[in-house]
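**Student:** Have a look at this one.
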Amino acid sequence: MIGTTISHYRITGKLGEGGMGVVYRAEDTRLQRTVALKVLPGDSVTAADRERFLREAQSAAQVHHPNICPIYEVDEENGRLFFVMALVEGPSLRSLLKQGPIPVERAIEIAAQVASGLDAAHSQGVIHRDIKSANVVEGLYGQPCILDFGLALRADASRLTRTGGFVGTPAYMSPEQAEGGAVDHRTDLWSLGVVLYELLTGELPFRRDTELTTLYAIVHETPKPPSALRPGLPAALDELVLKCLAKAPGQRFQSAAELGERLRQIQAGLSSAHPTVTLDRTRPVLAAPPNRARIWLALAVVLAIAAGAHWRLRQPGADLPEQKEVVVLPLSVIGPEEPLRAVTDGLTETITAKLSQLEQFQGKLTVVPASEVRARKITSAEAARKAYGANLVISGSAQQTGARVQCILNLINAQTLRQVASRTITLDSGNLLALRDGAVTSVVDLLELRLSADANGAVKAGETGAPAAYAQYLRGRGYLARYDLQGNVDRALASLQDAVKQDPNYALAHAALAEAYWWKAKMTNDRHWADRALESGEKAVQLNPTLVVARVKLGEIYSDSGRVDDAIREHLKALEISPGNAEAYRMLGLDYSAAGRYSEAEAAFQEAVKRRPTDWEGRMLLGIFYYQRGRYAEAKSAYLSALKLTPDNELLIRNLAGVHMRLGQYAEASSLIQKTLATGSSTRGYNMLGIAYYYQRRFSEAASALESSLDIDNSIYTTWGNLGTVYRWVPGSESKAQAAFQRAIELAEKAQRITPADNNIHANLAEYHAKLGDQKKALAEIQAIPETARRPYMARIALAYEMLGDRKHAIDTVRTQAVDASALSDLRNDPDLAKLWKDPEFQSAIRASQSTAAH
């Protein structure tokens, strides 16, 4: 097989053989990526074999989770069934165990992540049935990844068995599986218990000399607790493992989520080897600030102690770095998700926001926004270090028992992945104000921050003293943190509307309500909600004119609404109040760019970088500014400096690829984009790859990449427009091109209802209508762009005229505008403009335009 090609996959090596096929390394010749290809052997294949092979692919393809190996494609060629999956080349847990038992903290982390993956599978009705150490491998970032759904069973499917009555690997089988009986999702929890036992002890709990005696032991014998083989293990781990290995499914954990939550709880309590004590009053928690601040801090400590807060002693030698790069991970919920999920999400947002407000007072503190952490699905200290260069991470969990809530907050050294210290807060579930105060005070203490009176004032700004109002605000913020989940924006609106009803002067709640209305406007394309967003944002600023977060949010809404001058005013006012606010500088840079005030925009972006030199996002925005101005060398330099802070950042790598594309270096761009796609699918990554292939005249491959982008997210109008452009060059795809352009127009017009002054949308719509031959609508979109604002869209306007057969206006467009490097790249390399580029009169116009630009 090696050296042969199946479909568009060239086989380059053999990786191994599974229960139902041979796995090969292969090159995807269309998308230029390395994949794993599993092929069902062609000879001696029964109908049952084919059914089970297809079931493997279908089962795995249903589940999307970071801890499950993704399936890309299922197909058949010349009678050979095959499916394509991501190539995960890290060592398996079985390989790692050859070096001995795994460190306890790492073993728990692995088991918790595998449980998370199983929970995703089980929620889709898929049971793995062959969880074992050989089927869990270490991914690119060290995360465990579940392979081989070859024995997978849908919960609603009829059972398929091998000869002999059972399927699976004997040493990891549950009793019901060993006896050939009916199985459900709890068989996977047994097998994960076996894997955890193996990780902790280096031994299998039921290993015997033969397969039959192993199966007998599984059904009839009780294993030794792990601590009998590895003294010193926590009793809670013994209890957890033995519960997984209960003979009766009803005595085990009843879901993978429940098992994962218990693992996280044990993980959080591992520092119990260090005594739990109340605050040591002989050692000041914070440096002595001025009197007013000291009084507030004392009150906060009293509140925290009254709420049941406990401090764990810091581990010996755990000095914190002077420059603190902090990520607050989403807090987990132990036990039933409701009603705590919205509360913990809101608390994560609150802790992050309060720490961010302290940046300007600390000098050497940088906090990654909670929205960014959620968007990139960062859930571990290791991932935070790789994504943001974080050196400190706050993690935690909350659990409700009766009328009491316990919240555990941990400080983790992201470089060593060791827990440094933790705090535990226990209080009545109705006292969320005390939870907020206790959590914020605990985190400030964990990070050893010194707070001045001004810093304390900033932390308290815009807050309420009404418990009912705060409880609704906290839930509303929690729902907004997961705005992408169906119904959450409406839930946020209901909670926040109730919060401002409870306390009409609650400025922070009005600011959050403005954000919720704005998300509603974006999702519905209904101008009514955009107007409500502006009303709430203006109300927040009216109630508290010095509330920086309210002014920054109002400015952002103004900017998105096309009211750029108002946005500039708000962001300048925010900087008067908080001169060191890097976010306000970033937003101001975007405002000035939209207004065409480019020198001021550049200065604002540079100031944002100066204020937060370790913040990659500020450097990225500066790079984007240079890119949009055609200053590609400076853009590349900015992106590379950001990549030094976060080397695995896929967004930055894609942006760097964009620079190469503008320079006509499409092969280099494709290589960079494929690097990002090798670690996970991305709608933007596939979109960019499609564009790169288009400019290389690789039209079929471009179409395939853009189709992959739409498989992930079919709501982005520019992807549909790009696909329509590509289809025009693929033989026999004319009708597909028309349909793609029509869908692009439909989605673009929806977006236009919210941001009617967006010239970029006008330029794109002009191109789409022109390529459909609708001259009237294309010209109307061009005319909607003011003459003074057309330069950035020159290439697309010229393209629209060329597609309409009006070469004179296409040439005049270039002649009357100063051609920059960006436009020149589009004009030279777009296949749709090849004939125009060769026109001598057009070349003359280009030279004249460049001469104008030089002067």
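**Student:** Can you find a residue in region 587-597 that is over 29 Å from the mean Cα position of the chain (by Cα), surrounded by fewer than 24 Cβ atoms within 10 Å (Cβ to Cβ) and of a type outside the set (A, V, I, L, M)?
**Tutor:** So far as region 587-597 goes, yes, one or more of its residues are over 29 Å from the mean Cα position of the chain (by Cα), surrounded by fewer than 24 Cβ atoms within 10 Å (Cβ to Cβ) and of a type outside the set (A, V, I, L, M).
**Student:** Can you tell me which of (1) under 25 Å from L652 (Cα atoms); (2) in contact (Cβ under 8 Å) with a residue 40 or more places away in the chain; (3) of a type outside the set (A, V, I, L, M) is the one S637 doesn't meet?
**Tutor:** The one condition S637 does not meet is (2).
Condition check ((1) closer than 20 Å to A845 by Cβ; (2) touching a Ser or Thr at 6+ places or on another chain (Cβ under 8 Å)) across all residues:
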{"site": "A744", "(1), (2)": "no, yes"}
{"site": "K750", "(1), (2)": "no, no"}
{"site": "P756", "(1), (2)": "no, no"}
{"site": "K776", "(1), (2)": "no, no"}
{"site": "E787", "(1), (2)": "yes, no"}
{"site": "L799", "(1), (2)": "yes, no"}
{"site": "H809", "(1), (2)": "yes, no"}
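**Student:** How about region 179-189: which of its residues are crowded, with 20+ Cβ neighbours inside 10 Å and either part of a helix (DSSP H, G or I) or at positive phi (or both)?
**Tutor:** If the condition is that a residue be crowded, with 20+ Cβ neighbours inside 10 Å and either part of a helix (DSSP H, G or I) or at positive phi (or both), then R186, T187, D188, L189 are the ones that fit.
**Student:** Let me ask something else. Assess whether S578 counts as being among the small types (G, A, S), under 29 Å from the mean Cα position of the chain (by Cα) and not assigned by TED's automatic domain parsing to the domain that holds A789.
**Tutor:** Criteria not met by S578.
**Student:** Being under 20 Å from G685 (Cβ atoms) and either in a loop (DSSP other than H, G, I, E, B) or basic (K, R) (or both) is the filter here; which residues of region 1-37 pass it?
**Tutor:** Across region 1-37, the qualifying residues are H8, T29, R30, L31, Q32, R33.
**Student:** Also, I was wondering about something else. Which residue out of I305, I351 is outside any loop (DSSP other than H, G, I, E, B), in the same structural domain as R385 (by TED's automatic domain parsing), at pLDDT 90 or above and over 22 Å from K610 (Cβ atoms)?
**Tutor:** After applying the criteria, what remains is I351.
**Student:** State whether the residues of region 596-610 include one that is closer than 25 Å to L824 by Cβ, out of contact with any helix residue (DSSP H, G or I) (no Cβ under 8 Å at 6 or more places or on another chain), basic (K, R) and free of Cβ contacts under 8 Å to residues at least 24 places away in the same chain.
**Tutor:** yes
**Student:** Tell me, please, whether a residue that is surrounded by fewer than 18 Cβ atoms within 10 Å (Cβ to Cβ), out of contact with any Phe, Trp or Tyr (no Cβ under 8 Å at 6 or more places or on another chain) and touching a residue at least 40 places away in the same chain (Cβ under 8 Å) can be found in region 703-712.
**Tutor:** No, region 703-712 contains no residue that is surrounded by fewer than 18 Cβ atoms within 10 Å (Cβ to Cβ), out of contact with any Phe, Trp or Tyr (no Cβ under 8 Å at 6 or more places or on another chain) and touching a residue at least 40 places away in the same chain (Cβ under 8 Å).
**Student:** While we're looking at this one, here's another question. Could you figure out which of (1) under 24 Å from A390 (Cβ atoms); (2) modelled with pLDDT of 95 or more; (3) not β-branched (V, I, T) isn't true of A603?
**Tutor:** Checking A603 against (1) under 24 Å from A390 (Cβ atoms); (2) modelled with pLDDT of 95 or more; (3) not β-branched (V, I, T), the one that fails is (1).
**Student:** Quick one: count up the residues across region 375-388 that are at pLDDT 85 or above and not in a loop (DSSP other than H, G, I, E, B).
**Tutor:** 5
**Student:** What residue, among those in region 113-133 that are at pLDDT 90 or above and in a helix (DSSP H, G or I), is surrounded by the fewest Cβ atoms within 10 Å (Cβ to Cβ)?
**Tutor:** S133
**Student:** Could you tell me which of the residues L411, L485 is out of contact with any His (no Cβ under 8 Å at 6 or more places or on another chain), not hydroxyl-bearing (S, T, Y) and not assigned by TED's automatic domain parsing to the domain that holds E359?
**Tutor:** Among L411, L485, only L485 is out of contact with any His (no Cβ under 8 Å at 6 or more places or on another chain), not hydroxyl-bearing (S, T, Y) and not assigned by TED's automatic domain parsing to the domain that holds E359.
**Student:** Suppose we filter Y479, Y473 for residues that are within 22 Å of L358 (Cβ to Cβ) and either in a helix (DSSP H, G or I) or not basic (K, R) (or both); which single one remains?
**Tutor:** Y473
**Student:** Would you point out which residue out of G630, G664 is touching a helix residue (DSSP H, G or I) at 6+ places or on another chain (Cβ under 8 Å), within 28 Å of T29 (Cβ to Cβ), surrounded by fewer than 19 Cβ atoms within 10 Å (Cβ to Cβ) and in contact (Cβ under 8 Å) with a residue 60 or more places away in the chain?
**Tutor:** Exactly one residue qualifies, and that residue is G664.
**Student:** Answer yes or no as to whether D591 is acidic (D, E) and either modelled with pLDDT of 90 or more or more than 20 Å from G555 (Cβ to Cβ) (or both).
**Tutor:** yes
**Student:** For region 426-438, check the following and say yes or no: at least one residue is among the β-branched types (V, I, T), touching a strand residue (DSSP E or B) at 6+ places or on another chain (Cβ under 9 Å) and either within 30 Å of A748 (Cα to Cα) or not in a helix (DSSP H, G or I) (or both).
**Tutor:** Yes, region 426-438 has at least one match.
**Student:** Another one. Filter region 764-789 down to residues that are in contact with a Lys or Arg (Cβ under 8 Å, 6 or more places away or on another chain) and closer than 15 Å to H809 by Cα, then give me how many there are.
**Tutor:** Selection size over region 764-789: 2.
**Student:** So, of the residues in region 754-780 that are within 22 Å of V564 (Cα to Cα) and of a type in the set (A, V, I, L, M, F, W, C), which turns out to be surrounded by the fewest Cβ atoms within 10 Å (Cβ to Cβ)?
**Tutor:** Only one residue fits best here, namely A757.
**Student:** Go through region 449-485 and give me each residue that's surrounded by fewer than 16 Cβ atoms within 10 Å (Cβ to Cβ) and of a type in the set (F, W, Y).
**Tutor:** none
The values are calculated or read from the model by the stated rules, or taken from the named source; none is laboratory data. All values derive from a computational prediction rather than experimental measurement. Glycine gets a Cβ as well: all are built from the backbone with ideal geometry, and neighbour counts include every protein chain shown.
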